[in-house]
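Have a look at the structure below, then the notes.
The values are calculated or read from the model by the stated rules, or taken from the named source; none is laboratory data. What you are looking at is a predicted structure, and each value in this text was computed from that prediction instead of being measured. Cβ atoms come from the backbone with ideal geometry, glycine included; neighbour counts cover every protein chain shown.
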Amino acid sequence: MKYRQLFGQVLLAAYLSTSLPGLLDIASGQSSSRETAAKIDQLLSRELAAKSLIKPPVPVKPVDDETYLRRVFIDLLGEPPTTDDVLAFTLNTDADKRLKLVNQLLADESYGRNWARYWRDVILYRRTDERGLLSARALESYLTEHFNKNTSWNKIATAFVTARGDIKENGATAIIMAQQGQPEDTVAEMSRIFLGIQIQCAQCHDHPTDRWTRDQFHELAAFFPRVAVRPKRDQDVPSFEVVGSDTTVETGRKSNNRFRGTPEHRMPDLENPEKQGQIMQPVFFATGDEVPLGTLDADRRSQLASWITGTENPWFSKALVNRIWAELVGEGFYDPVDDLGPERACSAPQTLDYLAAAFRDQQHDLKWLFATILSTETYQQESRRRRTFEEMPHQANCSQRLRADQLFSSLVTVLQMPDSVATVSRQRSSRYSPRNSFNSVFGFDPSTRRSDVSGAIPQALLMMNSPQIGQYVLARRDRMLGRLLNEVTDDRQALRELYVQVLSRQPTEKELDTCLRYRRNVGNRAEAFEDILWSLINTAEFLHRK
């Protein structure tokens with residue numbers, strides 16, 4: 001983006017201020033998101049004011065436009081804004097430009113892809129078998145499509161609970177595949193993901209810190225005994241399929257064949273492990289609803305899905321709201337995000353209850369939820385370090401380390417490098433995915449406390465020494481930096497544009513002076529700017545979203 005093209009960008013800003021309201025109508029109007037957001041801020045402020053903590057609240061101020069723009073782009077699309085986006089947004093004087101921007105980004109196809117990658121990691125990071133990764137591509141494709149279509153969260157959850165079919169064709173089979181069809185592991189993950197409840201702690205004994213009993217855990221597992229994961233042998237590419245078999249018979253001996261399933265689920269006898277154990281009736285622990293023994297697989301899983309997502313179960317909406325709030329604001333109402341429960345401490349229970357009820361009333365509309373949270377003053381506060389235990393919660397937005405996909409997408413956008421690289425060998429021609437290798441180094445379980453996620457030496461080495469990144473930091477004519485230096489001959493101007501390109505903001509005077517002094521000391525213009533660009537993409541500011 002060149003500043004001599006300012007007039008064209010002024011026109012773009014004018015377009016943004018007049019054309020965006022009709023791009024997306026979230027839940028039949030923006031007013032619903034606004035009103036709910038205002039109520040959330042009021043409730044949260046009142047709840048926090050009633051807390052008595054050692055350290056008093058520290059005043060915060062709203063974040064500036066440049067920081068907000070980068071924050072919301074990364075949160076929704078998983079990538080930073082372009083220089084055109086930065087200039088257009090900062091020039092726009094419309095009082096509603098932030099909400100209109102959110103609506104525009106929610107209509108972008110990158111929104112679905114970004115959040116599909118998030119949930120792909122939530123589901124697959126706790127897999128019990130590496131073959132679960134075979135479902136990754138289908139899972140990401142499935143969620144991308146449904147997030148962009150704004151399929152309601154209850155329908156998406158239902159699809160995962162009731163899934164059948166080839167794991168490479170139906171992405172909704174991913175949870176069952178990741179757990180190899182084991183009833184205990186499958187229901188533990190579904191409870192954690194969709195209810196935020198760690199009921200697996202009651203598998204061998206009553207839950208040590210919550211009210212759930214061992215019987216309740218195995219009654220939940222009793223919804224999935226007839227589910228099996230079978231290899232598909234009638235095709236060239238190896239795959240598996242999730243099936244629900246109602247033709248299985250009781251063998252009279254201890255068996256847990258996950259290629260066939262079992263007629264009913266048995267709770268192991270801990271005192272006599274060799275015995276088959278007690279047959280358990282399917283009962284949903286959160287509501288007490290049950291289905292009879294002998295119920296067909298499709299019927300029992302369909303019934304469970306309706307109870308999980310139903311209005312009588314408060315945990316379904318709370319779990320999703322708490323998780324998304326934590327991802328956007330940096331701190332959940334419950335921490336960690338997948339450990340809710342009656343005996344758990346909630347930092348602002350009235351606020352969470354209100355937002356969860358509103359989300360349910362909006363028919364579990366995900367885009368409405370995003371627009372609402374992003375409209376709150378809480379989200380739009382300046383970013384600060386994570387608080388200590390003695391400090392007030394939710395005072396500011398917390399700086400978030402970028403997920404692996406977000407960091408790689410940022411490099412793709414900033415350096416204008418390809419997402420994949422064509423490779424040719426004597427045996428075959430294929431496409432190597434640097435994103436996958438990047439994820440293997442930078443990836444982490446999104447359900448982990450962000451305070452427990454930190455950088456590592458292999459990550460620093462990859463950022464500093466990656467051949468692909470190194471190639472796109474060069475000031476060659478066919479690279480971003482080379483084109484910028486060729487078109488902008490003034491060093492001060494080029495530095496301003498480089499900062500906007502990489503960090504979505506103007507450099508401070510101190511940063512300008514430091515970079516200009518380095519440029520003079522090096523002498524070679526291209527070499528100096530290559531070093532500056534390399535330094536910028538290795539800063540904590542680039543690796544995080546503020």
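Values for this structure:
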quantity: Residue match in the range 348-356 (condition: surrounded by fewer than 23 Cβ atoms within 10 Å (Cβ to Cβ), among the small types (G, A, S), in a helix (DSSP H, G or I) and in contact (Cβ under 8 Å) with a residue 12 or more places away in the chain); calculated: yes
quantity: Hits in the range 387-415 (condition: part of a loop (DSSP other than H, G, I, E, B), among the charged types (D, E, K, R) and under 19 Å from the mean Cα position of the chain (by Cα)); calculated: R403
quantity: Some residue of the range 192-209 being more than 23 Å from F316 (Cα to Cα) and either touching a residue at least 60 places away in the same chain (Cβ under 8 Å) or of a type outside the set (A, V, I, L, M, F, W, C) (or both); calculated: yes
quantity: Elements of type helices (runs of 4 or more DSSP H) in the range 473-546, at least 1 residues being surrounded by fewer than 19 Cβ atoms within 10 Å (Cβ to Cβ), over 29 Å from the mean Cα position of the chain (by Cα) and touching a residue at least 24 places away in the same chain (Cβ under 8 Å); calculated: 480-487, 491-503, 509-522, 525-537
quantity: First in the range 445-472 and more than 24 Å from I193 (Cβ to Cβ) and in the same structural domain as F408 (by TED's automatic domain parsing), second anywhere and surrounded by 13 or more Cβ atoms within 10 Å (Cβ to Cβ) and of a type in the set (S, T, N, Q), Cβ under 8 Å, 6 or more apart; calculated: A460/N538; M463/N538; M464/N538; Y472/Q416
quantity: Boolean, V161 is buried (at least 20 other Cβ atoms within 10 Å of the Cβ) and over 18 Å from I324 (Cβ atoms); calculated: yes
quantity: Residue among A202, A222 that alone is at pLDDT below 95, of a type in the set (A, V, I, L, M) and in contact with a helix residue (DSSP H, G or I) (Cβ under 8 Å, 6 or more places away or on another chain); calculated: A202
quantity: Scan of the range 271-288 for residues that are closer than 25 Å to T173 by Cβ and either part of a loop (DSSP other than H, G, I, E, B) or at pLDDT below 95 (or both), ordered by number; calculated: M280, P282, F284, F285, A286
quantity: When residues of the range 294-346 are limited to those that are touching an Asp or Glu at 6+ places or on another chain (Cβ under 6 Å) and in a loop (DSSP other than H, G, I, E, B), the one nearest to F217 (Cα to Cα); calculated: G341
quantity: Per-region count, the range 362-394, residues surrounded by fewer than 22 Cβ atoms within 10 Å (Cβ to Cβ) and among the aliphatic types (A, V, I, L, M); calculated: 1
quantity: Residue ranges of helices (runs of 4 or more DSSP H) in the range 163-223 with at least 1 members among the charged types (D, E, K, R) and more than 20 Å from V242 (Cβ to Cβ); calculated: 214-221
quantity: Scope the range 506-539; condition within 17 Å of Q493 (Cβ to Cβ) and either of a type in the set (S, T, Y) or not assigned by TED's automatic domain parsing to the domain that holds Q459 (or both); matching residues; calculated: T508, T514, Y518
quantity: Qualifying positions in the range 416-448 - at pLDDT 85 or above and part of a loop (DSSP other than H, G, I, E, B); calculated: Q416, M417, P418, G443, F444, D445, P446, S447, T448
quantity: Residue selected from the range 147-203 under the condition in contact with a strand residue (DSSP E or B) (Cβ under 8 Å, 6 or more places away or on another chain) and among the basic types (K, R), by the criterion nearest to L106 (Cα to Cα); calculated: K168
quantity: Evaluation of K367 against (1) among the charged types (D, E, K, R); (2) farther than 21 Å from H544 by Cα; (3) in a loop (DSSP other than H, G, I, E, B) (one fails), failing number; calculated: (3)
quantity: Criterion violated by I167 - all others in (1) buried (at least 20 other Cβ atoms within 10 Å of the Cβ); (2) over 30 Å from F259 (Cα atoms); (3) over 16 Å from the mean Cα position of the chain (by Cα) satisfied; calculated: (2)
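Conditions (1) β-branched (V, I, T); (2) modelled with pLDDT of 95 or more; (3) outside the structural domain of P393 (by TED's automatic domain parsing), marked per residue:
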site	(1), (2), (3)
K61	no, no, no
V72	yes, yes, no
L77	no, yes, no
P80	no, yes, no
V86	yes, yes, no
T93	yes, no, no
